[in-house]
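The values are calculated or read from the model by the stated rules, or taken from the named source; none is laboratory data. Small disclaimer: the values here were computed from a predicted structure and weren't measured. Glycine also receives a Cβ, built like all others from the backbone with ideal geometry; neighbour counts cover every protein chain displayed. These accessible areas exclude ligands, DNA and RNA; they are computed on the full protein's heavy atoms, side chains included. Shrake-Rupley method; radii C 1.70, N 1.55, O 1.52, S 1.80 Å.
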Amino acid sequence: MIEVRLFATFREGRDKIVYLEPEQASCPADVLDHLKIPHEEVAICLINGFHSKLSDPVKDQDVLALFPPVGGG
Amino acid sequence: MKTSYNGKLARINLSTGEIKVEQLDMELATKFIGGRGLGTKMLYDEGVATVDPLSEDNKLIYITGPMTGTASPSAGRYMVVTKSPLTGMIASSNSGGVWGARLKYAGWDALIVEGKAPEWTYINVSDDKIELLSAKDYVGMMSEEADAKLKEVHPGCSVLNIGPAGEHLSLLAAIMNDKDRAAGRSGVGAVMGSKNLKAITVTATAKVVEPFDAAKLKEATKACNQKIRENGVTGGGLPTYGTAVLVNIINNTGSFPTKNWQESYYPEADDISGETLKDTYLVKNAACHRCPIACGRVIKVGDKVVGGPEYEPLWAYGGNCGLHDLNAIDEANMWCNEYGLDAISTPCTIAAAMELFDKGYIKEEECDGIPLAWGSSEAIVEWTKRMGEGKLPLAKLMADGSYRLCEHYGHPEFSMSVKKQEMPAYDARGIQGIGITYATSNRGGCHVRGYLISPEVLGLPEQLDRTTTEGKAQWCKIFQDLTAAIDSMGLCLFSSFALGAPDYAALLNAGTGTEYTAEELLTVGERIYNIERLFNKAAGMKPEDDRLPKRLTEEPISSGPSKGQISQINVTLPQYYEVRGWENAFPTKETLERLGLAE
């Protein structure tokens, strides 16, 4: 399973965590399409804690964390 | 010539009661802008670097920037500049709210407070009239109650004050203004307490600061406001979730210090996140003077409605104390505001005490019925109050910060501090550049003197690899220099998520009549960073004070996404000194000459 963690406004109308079968997504872009999140709304995409592109590969057991533009200090 | 400076400051001697009006030195103001820069330059020139910080020889400068109170976005900031009793070096603590703008409207750029009042006193500023009044009726009061009582005496005023922590000279004491805004760091509240100064009230008739070129300022402000509105962080993330939205981001990179930095990933972090705060205790947003962002939180704590926690206390009381009870964190944060305590260093010191307790150095019998156990909601609330009171022996020790506490128990290495000031909420093992900021910050452990989290984690203005060292020294210098300029102008640093150096130069030029390019503005920021360093050198700083705690350089992160990583500050620090033009932590003669600081 791929664990997809959603944060901030991505949680509106969705669960905080979504699990996908590896066959359902080969990259974060596939995950976004599955969840109906426009690609341009993603500011930070982490795969296992590291910044990644939407075209980078995801595989079974990966943790994907998706954030819209957010910041602070 | 019209300019957004008032051109006037007051020198108030609390020992003699003398109040002198002085003209602002415009040549110095042009070179150091105002706020943090000009305040430090004045303090340095007046020989304050070598004094005992809690003696009457220390001076407190409350200073606005040239943009404070103007129509510029987020133009509500002022600085408290003094010699820190916590670090023994420069302190410049920044705060928002409305107090700074009111001081400007009353006709002053700065108040320089000297000496020590024979009895508890407060300063009342009412336009051009300044008077010293007895504060005996307010001593011992919590900050919010004193704020309310002083408003009854001076209707319509804005109040800056210290709570009980500043009165008993806690080295973690903050200066509060407008109830829940704080010049929080470096123990500036203790300096105020050491002078028997409880509060400064300000009432102003004027509601506007006239800039050099009103049309140009209006145009620059309009352009900046549009960028702030359209930026995803300043126009969306910050207003919706506040700074607390960082909890989940930083935790998911495995850089969320946990249990006094023994770990760096906290599985329960979502329970204390900005998202959860919004869904539970949030009442509404709060905005400082003329701020289009409104990142402040107003929350419910029991039946009270109070200022809510920022990211830093959520982390420091939360993961760093091994705790995910959001209600307890909200309450502890409220007590920081009421007692007037730094909401970063106070919980970090509790976390250090919890490690000392866990390892058997602090004994249960010292805890007076409330063990300093990891994850204890009761401990974070009650020990915050105890530190604010400063009566119980262990609490009195803790109220002077983690370094002195850990040193007392023979283990200073458990203090996660730089220059004796606690580091904030980003693990420099997982995020390499922020370690340079921590190590070289002139005011000790601090994130907002060069917020490399922006490029290393948030991807602004571009995404850097957080795990590498390449180029980070140069990035750090640029961020430090721009921040020094923004802080000195009287604007909020958060505007920089949307704005860049050209925007700030345009605002400053319209306000004051300077003709700075973006590059020249960065050079002014560099000059400010270097004058702070000269102050520290005169105060006795040593090269080895630019160091990170051993835990960051010797203990790899034990679990989570950044497992195995360690700070490479040994690589980045020499690179940083090279890009700064420093040798052994201090500016070279050539650097000082280039910046116009040679003596």
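Values computed for the structure shown
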item: Added length on full extension, which subtracts the Cα-Cα distance from 0.36 nm per residue, residue B:11 to residue B:137; result: 42.9 nm
item: Segment B:552-581 and segment B:442-518: distance between their alpha carbon centers, rounded to Å; result: 21 Å
item: Relative contact order [Cα under 8 Å, 6+ residues apart], segment B:126-226, whole percent; result: 25 percent
item: Where trypsin sites (Lys or Arg not before Pro) in DSSP loops with at most 14 other Cβ within 10 Å are excluded, longest remaining stretch of chain B; result: B:392-599
item: Theoretical FRET efficiency, 1/(1+(r/R0)^6), r = Cβ-Cβ of residue B:411 and residue B:215, R0 45 Å, to 0.05; result: 0.15
item: Nitroxide proxy distance, nm - points 7 Å out along Cα→Cβ at residue B:300 and residue B:51; result: 4.8 nm
item: Largest to smallest accessible area among B:79, B:142 [probe 1.4 Å]; result: B:142, B:79
item: Extreme residue, positive dipole direction of segment B:369-467, given options B:447, B:370, B:430 (C-beta unit charges); result: B:370
item: Solvent-accessible area, 1.4 Å probe, carbon plus sulfur percent, for segment B:33-187; result: 48 percent
item: Spatially near lysine pairs across segment B:467-599, Cα under 24 Å, sequence gap of 8 or more or different chains; result: 12
item: Accessible-area value, residue A:55, 1.4 Å probe, nucleic acids and ligands omitted, Å²; result: 90 Å²
item: Segment B:467-526, relative contact order in percent, only Cα pairs under 8 angstrom and at least six apart counted; result: 44 percent
item: Straight-distance crosslink candidates among aspartates and glutamates, where the alpha carbon sits under 12 Å from residue B:151 and sequence neighbours closer than 8 are dropped; result: B:178
item: Neighbourhood charge, 9 Å Cβ-Cβ cut-off, centred on residue B:204 and excluding it, Lys, Arg +1 and Asp, Glu -1; result: +2
item: Spin-label model distance (nm) - residue B:223 vs residue B:21, 7 Å beyond Cα toward Cβ; result: 3.7 nm
item: The protein assembly as shown, helix-only ellipticity at 222 nm - DSSP H runs n ≥ 4, -39,500 (n - 2.57), divided by all residues, nearest 500; result: -10000 deg cm²/dmol
item: Global geometry of segment A:2-67, whether rounded, prolate or oblate, following the gyration tensor of its Cα atoms and the 1.5 cut on a/c; result: rounded
item: Solvent exposure of the protein assembly as shown as accessible area per residue, Å², 1.4 Å probe; result: 34 Å²
item: Dipole magnitude of segment B:1-68, debye to nearest 20 (Cβ charges: Lys/Arg +1, Asp/Glu -1, about Cα centre); result: 400 debye
item: Cα-based shape type of segment B:161-241, given that a ≥ b ≥ c are square roots of the gyration tensor eigenvalues and the cut on a/c is 1.5; result: oblate
item: Unit charges on C-beta of K, R, D, E only; dipole of the protein assembly as shown, Debye; result: 1400 debye
item: Reduction of at least 20 Å² in accessible surface, 1.4 Å probe, comparing all protein chains with the chain by itself, residues of segment A:34-73; result: A:44, A:46, A:49, A:50, A:51, A:67, A:69, A:70, A:71, A:72, A:73
item: Cβ charges +1 (Lys, Arg) and -1 (Asp, Glu), total dipole of segment B:245-421, debye; result: 640 debye
item: Residue B:98 accessible area, assembled protein chains, probe 1.4 Å, Å²; result: 50 Å²
item: Computed FRET value (nearest 0.05) for residue B:579 with residue B:364, which takes r as the C-beta separation and R₀ as 60 Å; result: 0.75
item: Theoretical FRET efficiency, 1/(1+(r/R0)^6), r = Cβ-Cβ of residue B:208 and residue B:517, R0 25 Å, to 0.05; result: 0.35
item: Exceeding the 20 Å Cα-Cα cut-off - candidates B:136/B:198; B:41/B:198; B:179/B:222; B:179/B:284; B:104/B:129; B:149/B:396; result: B:41/B:198; B:179/B:222; B:149/B:396
item: Gyration tensor verdict on segment B:8-203 (Cα atoms; rounded if a/c is under 1.5, prolate if a/b is larger than b/c, oblate otherwise); result: rounded
item: Positive-end residue of B:211, B:193, B:522, charge dipole of chain B with Cβ unit charges; result: B:211
item: Accessible area (Å², 1.4 Å probe, nearest 10) - residue B:265; result: 50 Å²
item: Residue B:279-residue B:598 pseudo-label distance in nm [points 7 Å out on the Cα-to-Cβ vector]; result: 6.2 nm
item: Length-normalised contact order of chain B in % [C-alpha pairs under 8 Å, at least 6 apart]; result: 16 percent
item: Those GluC sites (Glu not before Pro) in chain A that DSSP places in a loop and that have at most 14 other beta carbons within 10 Å; result: A:12
